[in-house]
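Report on one structure; see the data block that follows.
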Amino acid sequence: MTIIKHATNHIEQSCCADSMEVSRLDMNGNNSYLEHVEMWIEDISNQARLAIKGQITACLHPYRFKGGEYLAFDLDGAEGSFSLTFMAGQPYELNDITPWVPDMSEALAMAAAVALRLDALVKFSPGLRVDRYETF
C-alpha cells in the first residue's frame, strides 16, 4: 500500500511540475518562451504567412464557454485568412490551430508573438466594447 501511495504522489507531483512550467513573461519585456512554444510560434507564423496575402489584421476575442477560458485569434488579409483558438488552463498541447496553454497570459503572449512576426495590425473584438459612451 505504501509503495502505491508513494508512486501516486510522484505522478501527481510530476503532473503539477509539468503544468507549472511556463514561458517567462515579465512587465519589463524580459520575456523568454519555452523552446517548444517558440518553435510553435515560428511554425504557425509561417503557415499563416503562406495562407494570407497583403497586410494582415489580427482580431483578438477572449471568451468563456462551459467553464473554460478561450482566446480566439483571427488573422485576415487582402486574400486569405487563418484562425486559432487558444484554450487556457490546461497543460501545453500545441497542435496547429487549437493550442492548449497553461493560462491566458501565455495565450495572449503567444498571439502577440505571432502578430509581431507577421507585422499584423492588432484589433480587439468590437463585442468587447462597453456601449455606455459614444464612440468617436
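The values are calculated or read from the model by the stated rules, or taken from the named source; none is laboratory data. Being a predicted model, the structure only gives us computed values, none of them experimental. Glycine also receives a Cβ, built like all others from the backbone with ideal geometry; neighbour counts cover every protein chain displayed.
Just one of the numbered conditions (1) in contact (Cβ under 8 Å) with a residue 12 or more places away in the chain; (2) part of a strand (DSSP E or B) is not true of ARG64; which one?
Status for ARG64: all satisfied but (1).
Collect the residues in the range 114-131 that are under 21 Å from GLY54 (Cβ atoms) and part of a helix (DSSP H, G or I), keeping them in residue-number order.
Selection gives VAL114, ALA115, LEU116, ARG117.
Just checking, does the range 110-117 include any residue being surrounded by fewer than 15 Cβ atoms within 10 Å (Cβ to Cβ) and among the charged types (D, E, K, R)?
Taking the range 110-117 and keeping what is surrounded by fewer than 15 Cβ atoms within 10 Å (Cβ to Cβ), we get 116.
Now narrow it down to the ones that are among the charged types (D, E, K, R): none.
No; the residues of the range 110-117 include none that is surrounded by fewer than 15 Cβ atoms within 10 Å (Cβ to Cβ) and among the charged types (D, E, K, R).
Being over 17 Å from LEU34 (Cβ atoms) and either assigned to a helix (DSSP H, G or I) or modelled with pLDDT under 95 (or both): is that true of LEU71 here?
Numbers: over 17 Å from LEU34 (Cβ atoms): yes; either assigned to a helix (DSSP H, G or I) or modelled with pLDDT under 95 (or both): no.
Here the answer is no, as LEU71 does not meet what is asked.
Search the range 13-50 for residues being farther than 18 Å from LEU94 by Cα and assigned to a loop (DSSP other than H, G, I, E, B), and hand back the single one that is modelled with the highest pLDDT.
LEU25
For the range 103-120, check the following and say yes or no: at least one residue is farther than 21 Å from GLY29 by Cα and either of a type in the set (D, E, K, R) or under 11 Å from the mean Cα position of the chain (by Cα) (or both). First the steps, then the outcome.
Taking the range 103-120 first, the residues farther than 21 Å from GLY29 by Cα are none.
Looking through the range 103-120, none of the residues is farther than 21 Å from GLY29 by Cα and either of a type in the set (D, E, K, R) or under 11 Å from the mean Cα position of the chain (by Cα) (or both).
Quick one: SER32 ticks every box in (1) touching a Lys or Arg at 6+ places or on another chain (Cβ under 8 Å); (2) under 15 Å from ARG117 (Cα atoms); (3) of a type in the set (S, T, N, Q) bar one, so which box is it?
(2)
Of all residues in the range 51-61 being closer than 20 Å to PRO126 by Cβ and either among the hydrophobic types (A, V, I, L, M, F, W, C) or assigned to a helix (DSSP H, G or I) (or both), which is nearest to the chain's Cα centre (by Cα)? So that I can check it myself, show each step before the final result.
Residues of the range 51-61 that are closer than 20 Å to PRO126 by Cβ, as a first pass: 55-61.
Right, trim to either among the hydrophobic types (A, V, I, L, M, F, W, C) or assigned to a helix (DSSP H, G or I) (or both) and you get 56, 58-60.
Values: ILE56: 18, ALA58: 13, CYS59: 13, LEU60: 10 Å.
Per the criteria, the residue is LEU60.
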